[in-house]
Structures are given as structure tokens and as C-alpha cells.
Amino acid sequence: MLKGIIRGNIVSTRKQESLVGSKFMEVQLIKNGALTEEFIIAIDSVGAGIGETVLITTGSAARLALHNTSCPADAVIVGIVD
Amino acid sequence: MLKGIIRGNIVSTRKQESLVGSKFMEVQLIKNGALTEEFIIAIDSVGAGIGETVLITTGSAARLALHNTSCPADAVIVGIVD
Amino acid sequence: MLKGIIRGNIVSTRKQESLVGSKFMEVQLIKNGALTEEFIIAIDSVGAGIGETVLITTGSAARLALHNTSCPADAVIVGIVD
Amino acid sequence: MLKGIIRGNIVSTRKQESLVGSKFMEVQLIKNGALTEEFIIAIDSVGAGIGETVLITTGSAARLALHNTSCPADAVIVGIVD
Amino acid sequence: MLKGIIRGNIVSTRKQESLVGSKFMEVQLIKNGALTEEFIIAIDSVGAGIGETVLITTGSAARLALHNTSCPADAVIVGIVD
């Protein structure tokens, strides 16, 4: 899994139907407590907001996190770090 | 997911039958609002064109985005960023 | 698989139900016997603790390691290196 | 997907039975029209030869490209770029 | 697929039951005939030994190479290069 801070959200009006309602967040990754220059776009599943530190799962696990195995997601926010 | 700008399309006449009709786009990735030197080739699924900023899903999620789970795609454009 | 040393654990109270009870460890990767600046967050499955050198499996294999194929994990600690 | 030029082929006499007959090609990747220092080894599925520019699919999609979902391939050449 | 030279083996007494009997090899990757500073840990499936040049498959394909789709492997040696 990856850890990072949510920096913003991305709005896409024209998108696949299966993604309607998804909240796309741009997340700056953290390694060993330090911010990196790496970013990933993940769909939120836990009600996380900008500025929160979150855990992200990637790959086919992302779909399980959405409880929708037909959603074409490859990265999902699955937890908020305390 | 990844975000980027479509820079061009790639033409392949000799290809797998399952890919006939697919529109291959070369996309320059964007991180945190800035262009990077990274590129990915993705199949379009939303009618996106050169110069548009798009969202791309990768891995096994790409096939779900095409509604064709037998298509050997590993990256698909699933949304156009507003 | 990846090899690394467990450097810490990550606490997330608000998380997906399917992840309740999972122990998230931050692991510093080792290549050819030398520490790198790369880190990964993995769920423990073998009772490993901070300071131990471990093996990590990634991707869809991670779920098999948890014997729970509906858990949205993408990295799991599967062994402790002697 | 990835784009690159086939630079050579790799011969492996002792290999898994499921890979017998597979043609392994070493491909130098191209980004935005420029050669990179990145290489990948992919199985050919379209009759491509050394010096040709090709499209490669990776991950679980590779197996679909081979029409053999039990073949342990993670990268397959699926098209020749015009 | 990846190509590399086996540099050593990794011993893990405490590991997942599904991995008992697996031979973990640390492999130094080769790109275009030159050694890199990249290493990967892969399970051997072809009787390869230290110093041999091998082909490695990664991701979900690794499990197919082991003929054991419940083994949490993400990298497996599938051939020895001549």
C-alpha cells in the first residue's frame, strides 16, 4: 500500500458511466515520513478530504475496496492515517 | 489512475484481431499540475482527442473500462478532465 | 518478491471494514544486501515485528497470502528472513 | 501499452513447458518518439522481427494476447507500428 | 519478462505454509546485455542455480508458472538463458 496526503480533487464530467459518482483525489506520496515528488490519483472510499493522510491500495485490489468489481479503478483510498 | 495530455495517436495496421478498432493514444503524464517526461500509450474509450487532459486506468482495470474482458489492453482512457 | 526491514507500523482507525485487524507495516527495501531509500507499506501475515528482515509479495498475490481474497491488500509480508 | 524497437531475441532451451515455442524479444522502449535506456523482454504474437517498432501489452493482459491464459507471460508484442 | 543473473538465495524459516519448499533467489537484472543495479527476488521453477542467467515472469503470471494458483508468488524464474 501507499501512504500520502490528499492535495486536491479532479473533476471529470465526461467519463465512463461506471465511474459516475467516484471522487478522484490527487495524493502526494510519503515515504518514511517525508513527502516525495510522486503523485497518484485515487478514488476515495472512506470519506477522506484534502489535507488528510491516507492509505491507498493499487491494482486489482482497488476494485475490491470499492465493492464493485466492474469499476475500472486501479487505485483507491482505503484508510485515513491517525 | 494517471492524468495526462494526449500528444498523438499511434497507427498499427498489423495487430492482434482483438485490438482492431482500438484508438491508441500517446499521453504525456502530469503530476501535481506539472508536465512530466513520462509517457504512456492508452486505448481511448471516451472519445478524447489530441490536446485534451484525460484520466487513464491501468492494469486489469483497463479491460473493464473497455467492456471487453478479452481485449489485451493494459491502459485505457476513462475520463476527460474538465 | 521484495526484501526489507520493518521500520514502523501505521495506525488507521477510520478504514475499510475489510481491513479491520490488519497490521500495516512500513518496510525499508533492501537490494543486494544494501538498504535503499525505497519504502512500501505491507500487511503482516507472519507475526513479524519492527527491525525484522522480511519478504513481501505484491499485487494480486498479496490477497492469496491473506487467505482472504476479498481483502483489498496489494502488499503482504509472507516470510521472515533468517 | 508500451512502444519500442526490437533489438534482439533471447534463446532459452531449458524453460517451462508452457513457454516452449514462445519467441522472446528484447525491446528498447520509446517515449514520445525518442529512444530510452529502458528494455523489456516480451513474447511475440504478431510475427514481428528485429528492428521493427512494436506495441507491447503487460500484466495479465499479456496472457489474453496469447490466447493461452495458462501461459506465464507478463509482456507480449500485440502490434507492429506503421 | 525480466532477464538477470542469480546472485544468491534467501533463507526464510518462518514463512507462510504455502511457500514451504520454495527456493527464493536474488537476481541482478540485465538490460540490453549490461548489468544494472536493480535486483528482484524470484522463486525458482526450473532448477536454476547461482551464476546462471535466467528469465523471470512477474505479477499474476508468476502463479501460473508454479502450477499452483494459490501460492502468493509475484516473481518466478521460468527459463535459463543459453
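The values are calculated or read from the model by the stated rules, or taken from the named source; none is laboratory data. Just so it is clear, the model here is predicted, and its values are computed rather than measured. Please note: Cβ atoms are built from the backbone with ideal geometry, for glycine as well, and neighbour counts cover all protein chains shown. Keep in mind that these areas ignore ligands, DNA and RNA; they rest on the heavy atoms of the full protein, side chains included. Shrake-Rupley method; radii C 1.70, N 1.55, O 1.52, S 1.80 Å.
For the protein assembly as shown, what class follows from the C-alpha gyration tensor (a ≥ b ≥ c being the square roots of its eigenvalues): rounded when a/c is under 1.5, otherwise prolate if a/b is larger than b/c, else oblate?
Oblate, since a/c reaches 1.5 and b/c is not below a/b.
Tell me the net charge near A:Arg7. Cut-off is 11 Å between Cβ atoms, A:Arg7 excluded, with +1 for each Lys or Arg and -1 for each Asp or Glu.
Counting the neighbours of A:Arg7, the net charge comes to -1.
Between region B:49-66 and region B:1-33, how far is it from one alpha carbon centroid to the other, in angstrom?
So the two Cα centres are separated by 8 Å.
Only Lys, Arg, Asp and Glu count, each charged at its Cβ (+1, +1, -1, -1), so figure out the dipole size of region A:2-80 about its Cα centre, rounded to 20 debye.
Dipole of region A:2-80, to the nearest 20 debye: 80 debye.
Near A:Asn32, within a Cβ-to-Cβ distance under 14 Å, what is the net charge of the other residues, with Lys and Arg +1 and Asp and Glu -1?
Spelling it out: positives minus negatives among the neighbours equals -1.
Counting only helical runs of four or more DSSP H residues, what would the 222 nm mean residue ellipticity of the protein assembly as shown come to if each run contributes -39,500 (n - 2.57) and the total is spread over all its residues?
-1500 deg cm²/dmol
Averaged across the residues of E:47-55, what count of C-beta atoms belonging to other chains lies within 10 Å of each residue's C-beta?
Rounded to a whole number, the mean comes out at 2.
List, shortest first and in nm to one decimal, how far the label point of C:Val11 (7 Å from Cα along Cα→Cβ) is from its counterparts in the other copies.
When each copy's label point is compared with this one, the spacings are 3.8, 3.8, 6.2, 6.2 nm.
Distances in nm, one decimal, shortest first, from E:Asp82 to the same residue in every other copy, taking the label point 7 angstrom along Cα→Cβ.
Label-point separations across copies, in nm and ascending: 3.7, 3.7, 6.0, 6.0.
Counting only other chains, and only Cβ atoms inside 10 Å, what mean value do you get across the residues of A:19-26?
Average per residue, whole number: 3.
Filter the trypsin sites (Lys or Arg not before Pro) in region A:1-64 down to the DSSP loop ones having no more than 11 other Cβ atoms within 10 Å, then list what survives.
none
Can you give me the accessible area per residue for the protein assembly as shown, using a 1.4 Å probe, in Å²?
39
Write down the percent of antiparallel bridges among all DSSP beta bridges whose residues are both part of the protein assembly as shown, to the nearest 5.
That works out to approximately 90 percent antiparallel.
Mind listing the label-point distances from E:Ser70 to the same position on all other copies, shortest first, one decimal in nm, points 7 Å along Cα→Cβ?
Those separations, rounded to one decimal, come out as 1.9, 1.9, 3.0, 3.0 nm.
Share of chain A's accessible area from carbon and sulfur, percent, 1.4 Å?
Carbon-and-sulfur percentage of accessible area, whole number: 49.
Over the Cα atoms of chain C, Rg to Rh with Kirkwood Rh, two decimal places?
That ratio equals 0.96.
What quantity of accessible surface, computed with a 1.4 Å probe and excluding non-protein components, is buried in total between chains E and C, in Å² to the nearest 100?
Summing both sides, the interface buries roughly 1900 Å².
Step through the residues of region A:27-32 one at a time and calculate ³J(HN,Hα) from phi using the Karplus curve (6.51 cos²θ - 1.76 cosθ + 1.60, θ = phi - 60°), rounding each to whole Hz and writing x for Gly and Pro.
Going residue by residue, I get 10, 8, 6, 10, 10, 6 Hz, with x marking Gly and Pro.
What list of ³J(HN,Hα) couplings, whole Hz, do you get for region C:47-55 from phi and the Karplus terms 6.51, -1.76, 1.60, once you set θ to phi - 60° and write x for glycine and proline?
Coupling constants for region C:47-55: x, 7, x, 4, x, 7, 8, 10, 9 Hz.
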